[in-house]
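Report on the following structure.
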Amino acid sequence: MARIKYSYQPSDETKAVKAMGYEMPISFKHAVEICRFIKGRKIAEAKKLLEEVIALKRPVPFKRYKKKVAHKSGLEKWYAGRYPQKACRYILKVLKNLEANAEYKGLDVDKLVIVHAQAKMGRKIKKYVPRAFGRATPWFQQLTTVEFVAEEVE
């Protein structure tokens, strides 16, 4: 696999940890909203929030991709939200990798705060659905790359 550059370079590499989920089959729009939801939180808190979303207990606020999104109760200072369970499962795996990387590096996991959370568009896989009279309809699967960087904060 090719080496992928992170968009964010921490000032002190010894107190920072990185993790990336490369080309996952999840919705790009959901990944963007989940990254916005997680950024600025501690790793344990972010994992707990994602588990609540998977259990349909807490919605993720949709702030950018909110057109025709239903209102949900339980959101602070916002109205539109959803429960993107599949994307949360994949992003939870990346957060667990981030935590394992921190333990391997010898950092204190309780002091780590997610300072960078970003979703990027990956490749599009071209597929075709056969239709009547010998025609075919294209169907493109969008892959998504998610990257996280956490730093120790006193």
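The values are calculated or read from the model by the stated rules, or taken from the named source; none is laboratory data. Quick caveat, the model's predicted, so the values are computed rather than measured. Note: ideal-geometry Cβ built from the backbone for every residue, glycine included; neighbour counts use all protein chains shown. The protein model used for the area step is the full one, side chains on, heavy atoms only, and it has no ligands, DNA or RNA in it. Shrake-Rupley method; radii C 1.70, N 1.55, O 1.52, S 1.80 Å.
Remark: pairs (first residue in the range 65-78, modelled with pLDDT of 90 or more and among the charged types (D, E, K, R); second residue open to solvent by less than 70 Å² (accessible area, probe 1.4 Å) and in a loop (DSSP other than H, G, I, E, B); Cβ separation under 6 Å; 6+ apart in sequence or on different chains) = 72/59. The set of residues in the range 71-88 being in a loop (DSSP other than H, G, I, E, B) and among the aliphatic types (A, V, I, L, M) consists of 75 alone.
Among the residues of the range 47-62, the ones that are surrounded by 15 or more Cβ atoms within 10 Å (Cβ to Cβ), farther than 24 Å from residue 111 by Cα and basic (Lys, Arg) come to 1 in all. All of (1) surrounded by fewer than 10 Cβ atoms within 10 Å (Cβ to Cβ); (2) modelled with pLDDT under 95 hold for residue 133 with one exception: (2). Being touching an Asp or Glu at 6+ places or on another chain (Cβ under 8 Å) and open to solvent by less than 20 Å² (accessible area, probe 1.4 Å) holds for only one residue in 92, 98, and it is 92.
Contact annotation: residue pairs with Cβ atoms under 6 Å, 6 or more positions apart or on different chains, pairing a residue in the range 128-154 that is within 30 Å of residue 40 (Cβ to Cβ) with a partner that is hydroxyl-bearing (Ser, Thr, Tyr) and assigned to a strand (DSSP E or B), are 145/22.
None of 31, 44, 16 is of a type in the set (A, V, I, L, M), touching a residue at least 40 places away in the same chain (Cβ under 8 Å) and surrounded by fewer than 16 Cβ atoms within 10 Å (Cβ to Cβ) except 44. Out of (1) touching a helix residue (DSSP H, G or I) at 6+ places or on another chain (Cβ under 9 Å); (2) open to solvent by 60 Å² or more (accessible area, probe 1.4 Å); (3) part of a loop (DSSP other than H, G, I, E, B), the odd one out for residue 107 is which? Failing condition for residue 107: (2).
Residues that are among the β-branched types (Val, Ile, Thr) and touching a strand residue (DSSP E or B) at 6+ places or on another chain (Cβ under 8 Å) within the range 26-61 comprise 26, 32, 34, 38, 43, 53, 60, listed in sequence order.
You will find that of 64, 58, the residue that is touching an Asp or Glu at 6+ places or on another chain (Cβ under 6 Å) and in a loop (DSSP other than H, G, I, E, B) is 58 and no other.
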